[in-house]
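FYI, it's all coordinate maths here, none of it is from the lab. This is a predicted model, so every value here is computed, not measured. So basically every Cβ, Gly included, is an ideal-geometry build from the backbone, and we count neighbours across all protein chains shown.
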Amino acid sequence: MAVPSGARLSSDKGACRFFRETETPGTARRHQCGGKQRARSADAPDRSGLCIAQQRFARAVKAACCRGGPVGDGRFSTPDRFMKGADPLVWLLIDGLSWELVKRYRARQPGRPSAGWPCYPLLPLSPNCQTPPSLLSIFSGAPVSEHGLTGYLVPAPTPQDCLAVADAFQVWPRHIDMVWDEWARQGITFRLCAVPFVQPDRLGDALLGQSCVYQGFSLRPEVIENDGCLCIEALDVVARVSVQQGGAVLEWPEDQGRAPCRLPLGSTVHVPLSEQVPGNVCKAIALRAVHIEKRVCVISFGYREVQALDLQGDAGKAYVANDLTVLYRTGQLGKRLDEGGQGAAEWLLLELMREMHESFCDDIVGAVRAGDAQRVIGYYPVVDLLSHHLLKYLAPEWASELMQEVGQRLFDEISEWVDELILRCVDAAGGEVRCVAHSDHGMAPVHHDLYPNSFFEQQGWLVYDASGVADMQKSAALFHPADNGLVLFNTARLALSGHDPGSVTDAWRKSLAQPFRDEWTMFECSDGQVFSEGWTGGCYWQAPRGTRLLAARSEHAVRLSRKGGDHTVCATDPWLRGVLLDASSTPLPRPADAEVTLPAIRHWLTATTS
């Protein structure tokens, strides 16, 4: 296995295969100073959490801009080959990238190459703009009325359970053609990176490569303290973690005969696993020694089963695809900004998520650099995952000055990662290329959670049985547990108390604090789900600005949120608009509409590449 340019061999034989040079000395210095100074973590002038590879890339971008670059005549690298065909296409799906976020970044960084790319806003999908329905509409070109997905969870009522739900990624309609099905029939070759809704048996020889990272076996990431244990029975991994100067050591049981594995602070170590673990590539686990509130801990990035066809990234490294933000959400990375922290936990989260960025970049850029496909589609989840937790720090009506200062620097960094991915793909193509990067939705800042079912219960419109389950025989209103914005009404029962869906909505609005009363509405979807027993299934409530709606039973109708951003029901909030960036060597024709709909993207792209 070739060691990538950003890695070096470990000196401990039989312990670790390699680790990337991602030292962050500024971070170590900051913690060694005892944390009395408030703002090195807040201001982050040392760009905490960055790896050396990123800093080198930033210098390369700057140099390229001075001499032309992939935004001109120069190149970052000399490609081994060029993408095939007369009209090669790189199609990047940047999950959760908001039009508002891109506008802010361009205003703050007008000299970046991306500031010159044509840029168009995307309308959020209606009635629900969560990821599964949005991606399906993008890659199929089909509206919701045709594919029927209305969120991560889709209402699937049965005679036995009126409130049953199904996972959208499991029940999507297989009869609908995706764009790659069309390409296969046309004899166009392609590679797909972490893309859902693929049926390989329909694609034949046109599918040259594919990575599947969201199916199969997975283990969540964790924080391991000094003298703690890395114990993963399912992977036959048992080792003790002990802190030493400059990092930590992973010590294996004596009967394994393995040398200790050194974990230097600021470096990610990829430890090889047994060939028997699930997956056909990337059979390794990533570990990183970090500072958390003046103590050294080890982060295990967890494990993801990866099944791949001709993976062009490093098949011996872990593919970091697990949601690392769970460590931040649960407070394991230190005190958060919304808990009185100074920004260290947020910068540490970015340091960890940089590894996810690298995994998806290596996969996608490798697919482009392979040079054997006419089309490459890559999915990139990092912006979405981080926005779900950090976006509220950009909300001036709620966030403090410190929160806004740290939040803006965090999102400048995240936006640079998006630039990096796009520029690396353009460079790897080796010549003239059509390159489009766009999101599936935007993301609205969230700082409060609202619980409509709490209000319904207080009003007597929602009744629970002894086991805490909604009694659909006695209730008259319910926010659906799919958490997709759907509100169920039993109009006959509401009429008995002189109410209807409109008056219930008005009563809910008036029950909220003043900041949450305006700029939202209820609308009806003509293709609503059919429910039995007199229940309607086509009414959706938009979330008031700065909030999300949850179906969980709660003692309080309003609570501070642990989340920082969300995207559910289509609304006019400008943050919910996605964005389309055209980084092609020659800009593509403008889309027909000023605000592009998701189903129109496929038709626009296939028309411009035919």
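Given a cut-off of under 8 Å on Cα pairs at least six residues apart, what relative contact order in percent is computed for the chain?
23 percent
Report the convex hull volume per residue for the chain, counting only C-alpha atoms, in Å³.
Enclosed volume per residue, from the Cα hull, is 165 Å³.
Among the chymotrypsin sites (Phe, Trp or Tyr not before Pro) in the range 161-266, which ones are in a DSSP loop with at most 13 other Cβ atoms within 10 Å of the Cβ? Mind listing them?
Answer by residue number: F217.
Among 563-571, 596-604, 462-470, 316-324, how do they line up by average Cβ neighbours within 10 Å per residue, starting with the highest?
Going by the mean number of other Cβ atoms within 10 Å, highest first, we get 563-571, 316-324, 596-604, 462-470.
Using alpha carbon coordinates only, what is the Rg to Rh ratio of the range 447-566, with Rh defined as the Kirkwood radius?
0.94
Relative contact order for the range 260-410: what percent, with Cα pairs under 8 Å and sequence separation of 6 or more?
16 percent
FRET efficiency for R174 and Q245, Cβ-Cβ distance as r, R0 = 51 Å, nearest 0.05?
The calculated FRET efficiency here is 0.35.
With +1 on the Cβ of every Lys and Arg and -1 on the Cβ of every Asp and Glu, and nothing else charged, how large is the dipole of the range 447-566 about its Cα centre, in debye rounded to the nearest 20?
Charge dipole of the range 447-566: 360 debye, to the nearest 20.
Cα centroid distance between the range 231-276 and the range 371-447, in Å?
33 Å
Assign one of three labels to the range 530-576, namely rounded, prolate or oblate, based on the Cα gyration tensor with a ≥ b ≥ c the square roots of its eigenvalues; rounded applies when a/c is under 1.5, prolate when it is not and a/b is larger than b/c, and oblate otherwise.
Because a/c hits 1.5 or more and a/b fails to exceed b/c, the range 530-576 counts as oblate.
Quick one: if you stick a label point 7 Å off each Cα along the C-beta vector at E555 and R202, how many nm between them?
With each label placed 7 Å out from Cα toward Cβ, I get 5.1 nm.
Can you give the angle from 0 to 90° between the axis of helix 401-429 and the longest principal axis of the chain, with both taken from C-alpha atoms, to the nearest 10?
Helix 401-429 and the main axis of the chain meet at about 60 degrees.
Give me the percent relative contact order of the range 447-566, please, defined on Cα pairs under 8 angstrom at least 6 residues apart.
Contact order relative to length: 40 percent.
When the Cα centres of the range 452-499 and the range 312-346 are compared, how far apart do they sit, in Å?
Between the Cα centre of the range 452-499 and that of the range 312-346, the gap is 37 Å.
How many angstrom lie between the Cα centre of the range 568-583 and the Cα centre of the range 86-147?
Here the answer is 7 Å between Cα centres.
For n ≥ 4 DSSP H runs only, could you compute -39500 (n - 2.57) per run for the chain, divide by its residues and tell me the 222 nm figure to the nearest 500?
-8500 deg cm²/dmol
May I ask you to derive the FRET efficiency for R104 and Q276 from their Cβ-Cβ distance with R0 = 45 Å, giving the value to the nearest 0.05?
0.40
Do any GluC sites (Glu not before Pro) in the range 172-281 lie in a loop, going by DSSP, with at most 12 other beta-carbon atoms within 10 Å of their beta carbon, and if so which?
Counting only loop positions with at most 12 other Cβ atoms within 10 Å, the GluC sites (Glu not before Pro) in the range 172-281 are E275.
Please determine, in degrees from 0 to 90 and to the nearest 10, the orientation of helix 99-108 with respect to the longest principal axis defined by the Cα atoms of the chain, where the helix direction is its Cα long axis.
Its long axis makes an angle of about 50 degrees.
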